[in-house]
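Since the structure comes first, as structure tokens, the remarks are kept for the end.
The values are calculated or read from the model by the stated rules, or taken from the named source; none is laboratory data. These numbers come from a predicted model, not from an experiment. With ideal geometry, Cβ positions are generated from the backbone for all residues, glycine too; neighbour counts draw on all protein chains shown. For accessibility, only protein heavy atoms count, side chains too; no ligands or nucleic acids. Shrake-Rupley method; radii C 1.70, N 1.55, O 1.52, S 1.80 Å.
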Amino acid sequence: EYEGQLATLKQMLKVQEQAAGALRNLSMHAENKPKLVALGAIPPSLLLLKSSEPRIQEQGAGVLRNMSVSAPHGKIMIADGAVPLLVDLLKVQDLKVQEQAAATLRNLSATPENR
């Protein structure tokens, strides 16, 4: 039974990672960003940052990085609590996760409305 539960958990994490990767890919295109915000993509992306899996954290931070280059989206992220979560990711061991978090924070801080 334990092995079955472990296999199910691993599968669930893989699905999360794949879904986050798809969202990250969609968030790369300017025309998709307002649509993603309207569909409520920011709060679930913030939840991905709380995962214990580095690849999921990286994908979630990547979505936010892509979205953070736009002032209105960055404001929403900040209001939804992104900054403390991103700062926490700077402390993890995985360099790819740290890179995505740092770049997102940089993007957010570069917009005068977010300072």
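Within the range 6-49, restricting attention to residues that are open to solvent by 70 Å² or more (accessible area, probe 1.4 Å) and among the β-branched types (Val, Ile, Thr), the residue that is farthest from VAL87 (Cα to Cα) is THR8. Filtering the range 7-56 to residues that are more than 26 Å from GLN93 (Cβ to Cβ), outside any helix (DSSP H, G or I) and small (Gly, Ala, Ser) leaves ALA30, GLY40, ALA41. Considering the range 50-69, the residues that are open to solvent by 10 Å² or more (accessible area, probe 1.4 Å) and touching a residue at least 40 places away in the same chain (Cβ under 8 Å) include one that is farthest from GLU113 (Cα to Cα), namely GLU53. Scanning the range 13-26 for residues that are touching a residue at least 24 places away in the same chain (Cβ under 8 Å) and either touching a Leu at 6+ places or on another chain (Cβ under 6 Å) or of a type in the set (A, V, I, L, M, F, W, C) (or both) turns up LEU13, ALA20, LEU23.
Across the range 77-115, the number of residues qualifying as outside any helix (DSSP H, G or I), at pLDDT 95 or above, open to solvent by 40 Å² or more (accessible area, probe 1.4 Å) and not aliphatic (A, V, I, L, M) comes to 3.
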